[in-house]
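Chemist: The structure that follows is given in the form of structure tokens.
The values are calculated or read from the model by the stated rules, or taken from the named source; none is laboratory data. As the structure is a computational prediction, the values presented were derived from the model and not from experiment. Here the Cβ positions follow ideal geometry from the backbone for every residue, glycine too, while neighbour counts run over all protein chains shown. SASA here: full protein model, heavy atoms, side chains in, ligands and nucleic acids out. Shrake-Rupley method; radii C 1.70, N 1.55, O 1.52, S 1.80 Å.
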Amino acid sequence: MVAAPHLGTDGVALPVVHDSFDAFRKMYGARGGEGFLIRPDGYLGLRDAPVSAPGLGGHLALTFRT
């Protein structure tokens, strides 16, 4: 997970990297409440606003045909 420098991440079960230079936000034009899924090749797979588990789950189900 890439998090804004000021974002509290207590209780997050994923590995967390804080974007202290704001590079991710600038590159992807991220705004508060949005979630992004970046593919291994660096392309944007999903942009969800507001980020939601159903949105991510639906995208992954289509991607992996589960």
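Chemist: Of everything in segment 3-16, what is within 23 Å of residue 63 (Cβ to Cβ) and open to solvent by 90 Å² or more (accessible area, probe 1.4 Å)? Give them in sequence order. Quick ask: steps written out before the conclusion?
Modeler: So in segment 3-16, the residues within 23 Å of residue 63 (Cβ to Cβ) come out as 12-15.
13, 14, 15, listed by residue number.
Chemist: Does residue 6 fit the bill of being more than 11 Å from the chain's Cα centre (by Cα) and at pLDDT 90 or above?
Modeler: no
Chemist: Additional query: Of all residues in segment 31-55, which are surrounded by 10 or more Cβ atoms within 10 Å (Cβ to Cβ) and not in a loop (DSSP other than H, G, I, E, B)?
Modeler: Once the filter is applied, which keeps residues that are surrounded by 10 or more Cβ atoms within 10 Å (Cβ to Cβ) and not in a loop (DSSP other than H, G, I, E, B), segment 31-55 yields 35, 36, 37, 38, 44, 45, 46, 47, 48, 55.
Chemist: Within segment 20-29, does at least one residue satisfy the condition of being of a type in the set (Ser, Thr, Tyr), over 13 Å from the mean Cα position of the chain (by Cα) and open to solvent by 70 Å² or more (accessible area, probe 1.4 Å)?
Modeler: Here is the first cut: in segment 20-29, the ones of a type in the set (Ser, Thr, Tyr) are 20, 28.
Checking which are over 13 Å from the mean Cα position of the chain (by Cα) leaves us with 20.
If we keep only those that are open to solvent by 70 Å² or more (accessible area, probe 1.4 Å) too, we end up with 20.
Yes: segment 20-29 contains one or more residues that are of a type in the set (Ser, Thr, Tyr), over 13 Å from the mean Cα position of the chain (by Cα) and open to solvent by 70 Å² or more (accessible area, probe 1.4 Å).
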